[in-house]
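What follows is one structure encoded as structure tokens, with my remarks underneath.
The values are calculated or read from the model by the stated rules, or taken from the named source; none is laboratory data. Predicted model only: the values in this text are computed from it and were never measured. Note: ideal-geometry Cβ built from the backbone for every residue, glycine included; neighbour counts use all protein chains shown.
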Amino acid sequence: MQQEPAGEELKEVIGILGAKMGQGLERLQETSNAQVPSTAETEERIEAEQVLIDQGLADPQLATDPEQAASPSAAAGSSSAGPVSANSALFRSQAPAVSLAATWKPAGIQGMDVSSHQPSVNWNRAWSQGSRFAYVKATEHTTYKNPRFTSQYNGAGSVGMVRGAYHFAIPKKDSSGAAQANFFVNNGGGWSADGRTLPPLLDIEYNPYPELGNTCYNFSASQMVSWIRDFSNTIKARTGRLPMIYTTADWWNRCTGNSTAFSDHPLHIARYSTAGPGSMPSGWKTYNVWQYSSTGPFEGDSNVWNGSSAALSDFVNGTSPGRTAVAAKAAANPSLGGATSPIVCGIGSNGCVQNFVSGQIHWTKATGARITRGAINSMWAAQRWEAGPLGFPVTDEICGLKNGGCLQVFQGGNAYWTAQTGPQYTKGGIDSLWSSLGREQSALGYPTGGERCGLRLGGCYQDFQGGQIHWTPVTGPQVTSGRIAQGWAATGWENGTLGYPTSSQVCGLKAGGCYQNFQKGQMHWSPATGAYPTSGAFATVWASLGWEKGRLGYPTSREKCDAAGTCRQLFERGSLRWIPSRGVVVS
């Protein structure tokens, strides 16, 4: 196996400019190989190097050899593990949208990143174009310092941008994460709570140097995770901030083995597409910064902040109302037990979460910090947490309800639990009707199942201890219960002759009777007769006779028809017959 370059030899590999953020992704789209530069990149590199040499900022001995650069095939084959090609399945998702319009910008707070690859940055123009933050490359490995770092860093700050430094990682067995983190902090990668400094940024991505192995630097997934953890721990110890991690979903999932160990770190995701940032790397639900283009509108790479100006200010200052609120909530509720995860922010609507032995705390600006635990928490988890129909909790669990029940209010509905019913939730029109009736104190009692949709006409229903609520866009929510509900069930529910209920049940009729209207008829019940439907011509004639107060009284059977088309329905004191040649006959 070829020995990896080190010392002066490694300096020659890195060269005058070193690597830059997004270099591998850009190469994949231009040459289909993260370790092979395009002709245009090589020409730009040689030009930028010459500017630094002319200004006395670079060693001409490290300049790119034009002849060697013009024949990249040797370099492409020098890695024992082989270069990574865009033709592999790993990178097919990155292939579209190679050339974004130089003026296209996604909505949001704009930013940029630069390195020594940009000989001269017009910061005033960048500000006028809308850039409000910038990352500047400071270091690479422990052998390279950006000769333009100070001027670029100060230039961004001079026009009013918040700015920070990034380190291009070169994971090597003889160069630990801690060593590179210390080199980075010692050469511009620090942080201060001055309201102007972004947290340190770790650029961990496709290996641009074939001399250093494959795209994962010949590291196993466990070795890569350990190296990143070493870097992160050192940055946290030196600056008090976790570093933001810059990467692509493809590289991360391959080279860290889908690690979720850094979900508490801010994420700077790279994907050059007008379709959006795409899937997140394992462990992250969302991103803080998206690098969306390497071809404009800004010099260097173009980025966008995922959030408000206030959120960016909190990010810069290292303050987070969510983290503070979660920590305070945990301190006030020791019954949660010890924390089993760090506080992770950026979920849902810029929310935060922390797991504990006996529950969780979720926070958003709109809801505050709320505890979920036990059966309600398990039910919420089954509904995909805040990404599901309930959204975030807006209260803590409230117990002491009827029959020992508990309630928790969420953005999208209400969760209830009793020992008899287990955890259930109500939402939308069904929840509104149940609430108007008195919730668990009503005749319906507690819900015994979840809302089920997909019924005829787009309908939904939910079972309760004392009945059901059915809802459609046409009828709204309606309750059915008791004997009338049983009679409706016997007709085939909403698929039967009556359709959906269109009113609530009305009682106080003659002889203690009740009735309920449906789309295609009525259901009447009395203690003496039971529940039976009337519809169509029979219902019209019975109504003309005075309903149950008339001479026929209540129905005592359902409508029955024979093969000849004659139909009959029995009543307490007579019957109705329908004869094809005569219509309805009262007897």
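Write out, first by first residue and then by second, each pair whose Cβ atoms fall under 7 Å of each other, whose residues are 6+ apart or on separate chains, and whose first residue, in region 383-407, is polar (S, T, N, Q) while the second is assigned to a strand (DSSP E or B).
These pairs meet every condition: Thr395/Arg370; Thr395/Gln408; Thr395/Val409; Asn403/Thr418.
When you scan region 475-484, do you find a residue that is surrounded by 15 or more Cβ atoms within 10 Å (Cβ to Cβ) and aliphatic (A, V, I, L, M), even just one?
Taking every residue of region 475-484 in turn, at least one turns out to be surrounded by 15 or more Cβ atoms within 10 Å (Cβ to Cβ) and aliphatic (A, V, I, L, M).
Which of the residues belonging to region 452-475 are over 19 Å from Gln519 (Cβ atoms) and either in contact with a helix residue (DSSP H, G or I) (Cβ under 6 Å, 6 or more places away or on another chain) or not in a loop (DSSP other than H, G, I, E, B) (or both)?
Quick first cut of region 452-475, residues over 19 Å from Gln519 (Cβ atoms) only: 452, 462-466.
Of everything in region 452-475, those that are over 19 Å from Gln519 (Cβ atoms) and either in contact with a helix residue (DSSP H, G or I) (Cβ under 6 Å, 6 or more places away or on another chain) or not in a loop (DSSP other than H, G, I, E, B) (or both) turn out to be Arg452, Gln462, Asp463, Phe464.
Here is a list of conditions, (1) in contact with a helix residue (DSSP H, G or I) (Cβ under 8 Å, 6 or more places away or on another chain); (2) within 30 Å of Val289 (Cβ to Cβ); (3) modelled with pLDDT under 50, and Ser78 meets all of them except one; can you say which number that is?
Only one criterion in (1) in contact with a helix residue (DSSP H, G or I) (Cβ under 8 Å, 6 or more places away or on another chain); (2) within 30 Å of Val289 (Cβ to Cβ); (3) modelled with pLDDT under 50 is unmet by Ser78, namely (2).
Only one of these is hydrophobic (A, V, I, L, M, F, W, C) and modelled with pLDDT of 95 or more: Ala193, Ala86, Ala126, Ala102. Name it.
Details: Ala193 fails: modelled with pLDDT of 95 or more; Ala86 fails: modelled with pLDDT of 95 or more; Ala102 fails: modelled with pLDDT of 95 or more.
That would be Ala126, the only listed residue that is hydrophobic (A, V, I, L, M, F, W, C) and modelled with pLDDT of 95 or more.
Given the conditions (1) of a type in the set (A, V, I, L, M, F, W, C); (2) more than 28 Å from the chain's Cα centre (by Cα); (3) surrounded by 19 or more Cβ atoms within 10 Å (Cβ to Cβ); (4) not in a loop (DSSP other than H, G, I, E, B), report the number of the one that Leu444 does not fulfil.
All conditions are met except number (4).
Determine which member of the set Ser503, Ser557, Ser581 is closer than 22 Å to Gly466 by Cβ and part of a loop (DSSP other than H, G, I, E, B). Can you show your working first?
Numbers: Ser557 fails: closer than 22 Å to Gly466 by Cβ; Ser581 fails: closer than 22 Å to Gly466 by Cβ.
The unique qualifying residue is Ser503.
If Gln180 passes every condition in (1) surrounded by 24 or more Cβ atoms within 10 Å (Cβ to Cβ); (2) in contact (Cβ under 8 Å) with a residue 60 or more places away in the chain; (3) farther than 25 Å from Ser120 by Cβ; (4) of a type in the set (S, T, N, Q) but one, which one does it miss?
Here Gln180 meets the rest and fails (2).
Take Ala539 and decide whether it is part of a helix (DSSP H, G or I) and modelled with pLDDT of 95 or more. Before the answer, list the steps.
Numbers: part of a helix (DSSP H, G or I): yes; modelled with pLDDT of 95 or more: yes.
Yes: the conditions hold for Ala539.
Within region 37-58, can one find any residue that is within 28 Å of Pro277 (Cα to Cα), without any contact (Cβ under 8 Å) to a residue 60 or more places away in the chain and not in a helix (DSSP H, G or I)?
Yes.
Any residue at all in region 377-388 that's in contact with a strand residue (DSSP E or B) (Cβ under 7 Å, 6 or more places away or on another chain) and in a strand (DSSP E or B)?
no
Show the residue pairs meeting these rules: Cβ distance below 8 Å; 6+ apart or different chains; first residue within region 208-233 and surrounded by fewer than 22 Cβ atoms within 10 Å (Cβ to Cβ) and among the acidic types (Asp, Glu); second residue part of a helix (DSSP H, G or I) and at pLDDT 95 or above.
Asp230/Gly177; Asp230/Ala178; Asp230/Ala181
Exactly one of these conditions fails for Ile46: (1) on the phi > 0 side of the Ramachandran plot; (2) modelled with pLDDT of 90 or more. Give me its number.
Result: Ile46 fails condition (1) only.
Looking at Ser313, Ser282, Ser341, which one is under 30 Å from Met21 (Cβ atoms), exposed (fewer than 15 other Cβ atoms within 10 Å of the Cβ) and within 22 Å of the chain's Cα centre (by Cα)? Give the steps one after another, and end with the answer.
Working: Ser313 fails: within 22 Å of the chain's Cα centre (by Cα); Ser282 fails: exposed (fewer than 15 other Cβ atoms within 10 Å of the Cβ).
Answer to the check: Ser341.
Only one of these is more than 17 Å from the chain's Cα centre (by Cα) and without any contact (Cβ under 8 Å) to a residue 40 or more places away in the chain: Ser335, Ser302. Name it. Steps first, please.
Working: Ser302 fails: without any contact (Cβ under 8 Å) to a residue 40 or more places away in the chain.
Answer to the check: Ser335.
Listed residues Gly512, Gly583; which is farther than 19 Å from Leu433 by Cβ, more than 57 Å from the chain's Cα centre (by Cα) and surrounded by fewer than 13 Cβ atoms within 10 Å (Cβ to Cβ)? Don't jump to the end; show me each part of the working.
Values: Gly512 fails: more than 57 Å from the chain's Cα centre (by Cα).
Going through Gly512, Gly583 in turn, just one is farther than 19 Å from Leu433 by Cβ, more than 57 Å from the chain's Cα centre (by Cα) and surrounded by fewer than 13 Cβ atoms within 10 Å (Cβ to Cβ): Gly583.
Can you name the number of the only condition in (1) among the aliphatic types (A, V, I, L, M); (2) in contact with a Phe, Trp or Tyr (Cβ under 6 Å, 6 or more places away or on another chain); (3) surrounded by fewer than 18 Cβ atoms within 10 Å (Cβ to Cβ) that Val326 fails?
So the condition that Val326 fails would be (3).
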